[in-house]
Amino acid sequence: MPAHGHHAGSGLVEWLLPALLLLTAAGAYVLLARRAGRRNPGLGWNRWRTTSFLTAVVLLGVALLPPVAPLAHEDFRGHMVQHMLIGMYAPLALVLAAPVTLLLRTLPTARGRQLTAVLHSAPSRALTHPVVALALSTGSLVVLYFTPLYNATMGNPAAHWLLHAHFLLSGCLFAYVIAGPDPAPARPSVRARLVCLGVAIAAHAAISQLMYGGFWVDVHAPIHQVRTAAEVMYYGGDVAELLLAAALVATWRPDHRRRVSGGLPASRQSPAPT
């Protein structure tokens, strides 16, 4: 009985902390959105972006709180649902909320210039390269599920939370590179981003099919759980990537420019984030 009470108490703390963090993040975003509206009443702040951020908070809450969170510790299917929510669906909603743009509209001028300098720095350019984003978000799944890493994280709470952080940050990075409305000084062309997204779709399909067939997968779970989790990854990943492709189309705008070359006007189109 004392052990059970201790487990229940620690579980309550484990769930209370993420709930408070999510509520704090939601409140901070809403306050910044109101400040942005007051600073520039004519421009205001898009309510759809606020809705997108609050949607991300809800998705993270579903993933990190009961009943999904305790299920993920006991059932590999629960883990995969949690992975989809934290690593694919919530990041897309967070990125579409344009948090960097909101910060640039609300920070003091000096702070805004510092943030812009960070965005233009060499490390930021390297980190936001599509290949790097793809390797961190999709390539890491090979390391997680085809090596003993997943089993090791299940027995270590700190490693488990680090895994959540990796899912969220790498998912946000990939969504930002592909379809983020926030400023990105080194964002590649639409064609390059579509190719990168296509590689991610193919990689997710291959990983889920290998998992379903039991080839090289290193997950200590019953076969029926592994197969169902593979189906969740396959179909859930397809839906998330289709949403990301739709976001890429929605956030891309043609920029018509006229140039004079050899006395003749020429025009080209280039993607510009909204």
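The values are calculated or read from the model by the stated rules, or taken from the named source; none is laboratory data. From a predicted model like this one, the values you see are computed outputs, not experimental measurements. Don't worry about glycine lacking a Cβ; one is built from the backbone with ideal geometry, like all the others, and counts go over all protein chains shown. Just so you know, the surface numbers come from the protein's heavy atoms only, side chains and all, with ligands and any DNA or RNA stripped out. Shrake-Rupley method; radii C 1.70, N 1.55, O 1.52, S 1.80 Å.
List every DSSP H helix in the chain whose Cα atoms extend 20 Å or more along the helix's own long axis and whose mean Kyte-Doolittle hydropathy is at least 1.6. Walk me through the numbers on the way to the answer.
Numbers: long enough: 2-39 (55 Å, 0.45); 47-64 (26 Å, 1.17); 157-179 (33 Å, 1.31); 190-213 (34 Å, 1.23); 223-251 (41 Å, 0.84).
Correct list, ordered by number: empty.
Per residue, how large is the accessible surface of the chain? Use a 1.4 angstrom probe and give square angstrom.
On the way: 15070 Å² over 274 residues.
Heavy-atom SASA per residue in the chain reads 55 Å².
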| task | Can you give me the P(r) profile for the chain? Cα pairs, bins 5 angstrom wide beginning at 0, each as a whole percent. | result | 1, 5, 10, 15, 16, 16, 13, 10, 6, 4, 2, 1, 1, 0, 0, 0, 0, 0
| remark: Under a Gaussian network model of the chain whose springs join Cα atoms within less than 10 Å, the largest fluctuation of THR109, THR153, THR128 belongs to THR109
| request: Let me have the 222 nm mean residue ellipticity of the chain computed from DSSP H runs of 4+ only, each contributing -39500 (n - 2.57), with the sum over all residues rounded to the nearest 500. | output: -23000 deg cm²/dmol
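Could you please state how large a percent of the accessible area of the range 113-254 is carbon and sulfur, counting protein chains only and using a 1.4 Å probe?
Numbers: 5120 of 7060 Å².
Carbon with sulfur: 73 percent of the solvent-accessible area.
Specify, per residue and in Å³, the volume enclosed by the convex hull of the alpha carbon atoms belonging to the range 1-129.
On the way: hull volume 18.6 nm³, N = 129.
Expressed per residue, the convex hull around the Cα atoms of the range 1-129 is 144 Å³.
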| query | How fast does the range 16-69 diffuse by Stokes-Einstein, in µm²/s, taking the Kirkwood radius from C-alpha pairs at 10 °C and 1.306 mPa s? | reply | 132 µm²/s
| Label point distance in nm, LEU107-TRP15, each placed 7 Å from Cα along Cα→Cβ | 3.7 nm
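Just the number, please: Stokes-Einstein D of the range 181-241 in µm²/s, Kirkwood Rh from C-alpha pairs, 25 °C, 0.890 mPa s.
On the way: Rh = 13.3 Å.
The estimated diffusion coefficient comes to 185 µm²/s.
Jot down the per residue volume, in cubic angstrom and as a whole number, of the convex hull over the alpha-carbon atoms of the range 111-186.
In the range 111-186, the Cα convex hull volume per residue is 101 Å³.
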